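Report on the following structure.
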Amino acid sequence: MKLLLDTCTFLWLAADDPQLSQAARAACRDPENDVYLSALSAWEIAIKHRIGRLPLPEPPTRYVVSRRQWLQLEPLPFDEVSAAHDVLLPQLHLDPFDRGLVSQAILNHMTIVTPDPAISEYPAPVIW
């Protein structure tokens, strides 16, 4: 299965945070699954860090890459097809980062690993 991590899921996985559900943790650790981190999440992390809403132990330019590699996650670029796909989504979620992740999941036949109930309203499978 191809899994796409929501930004909070990536952060909780990287920090071994107890907020990460057992099902999400197991799916991410299952060697049969390919687990991806979108460039959108790196961008969201950088923005939140810059405005003081997300403290990190090191700058996001190092943190995201080092944790992604340590967790053996595949990078997923955000392309124009995924960006344009937003117009096809109903306005169930107003966060552009989450809508972008939904578009990527739909177009790449991925399951999103997220606790966000609004994301589960879209036609992309969710694990939590």
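Only the coordinates and a few stated rules stand behind these numbers; no lab work does. Predicted model, so just to flag it, every value in this text is computed and none were measured. Ideal geometry is used to build each Cβ from the backbone, glycine not excepted, and the neighbour counts take in all protein chains shown.
Within segment 1-31, work out how many residues are surrounded by 14 or more Cβ atoms within 10 Å (Cβ to Cβ) and aliphatic (A, V, I, L, M). Total meeting the criteria: 9.
Here is a yes/no grid of residues against (1) surrounded by 10 or more Cβ atoms within 10 Å (Cβ to Cβ); (2) hydroxyl-bearing (S, T, Y):
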position: S38; (1), (2): yes, yes
position: I45; (1), (2): yes, no
position: L54; (1), (2): yes, no
position: P75; (1), (2): yes, no
position: S82; (1), (2): yes, yes
position: V87; (1), (2): no, no
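If we scan segment 35-48, do we find a residue that is more than 12 Å from the chain's Cα centre (by Cα) and part of a loop (DSSP other than H, G, I, E, B)? There is no residue in segment 35-48 that is more than 12 Å from the chain's Cα centre (by Cα) and part of a loop (DSSP other than H, G, I, E, B). Could you grab me the full set of residues in segment 85-128 that are under 22 Å from A23 (Cα atoms), of a type outside the set (G, A, S), in a helix (DSSP H, G or I) and in contact with a Leu (Cβ under 8 Å, 6 or more places away or on another chain)? L101, V102, Q104, N108, I119, E121, listed by residue number. For residues in segment 36-48 being in contact (Cβ under 8 Å) with a residue 40 or more places away in the chain and of a type in the set (A, V, I, L, M, F, W, C), which is farthest from L3 (Cα to Cα)? Going through the qualifying residues, I end up with W43. Of all residues in segment 71-90, those that are touching a residue at least 24 places away in the same chain (Cβ under 8 Å) and of a type outside the set (G, A, S) have Cβ atoms under 7 Å from Cβ atoms of residues that are surrounded by fewer than 15 Cβ atoms within 10 Å (Cβ to Cβ) and in a helix (DSSP H, G or I), 6 or more apart or on another chain, in V81/L107. Selection of segment 64-73 for residues being over 15 Å from the mean Cα position of the chain (by Cα) and surrounded by 12 or more Cβ atoms within 10 Å (Cβ to Cβ) yields only S66. When segment 1-21 is filtered for residues that are under 8 Å from the mean Cα position of the chain (by Cα) and polar (S, T, N, Q), the ones remaining, listed by number, are T7, T9.
Restricting segment 6-26 to residues that are touching a residue at least 40 places away in the same chain (Cβ under 8 Å) and touching a helix residue (DSSP H, G or I) at 6+ places or on another chain (Cβ under 7 Å), the residue that is nearest to Y63 (Cα to Cα) is A14. A count restricted to segment 91-105 and to residues that are buried (at least 18 other Cβ atoms within 10 Å of the Cβ), over 11 Å from L5 (Cα atoms) and either of a type in the set (D, E, K, R) or free of Cβ contacts under 8 Å to residues at least 24 places away in the same chain (or both) stands at 2.
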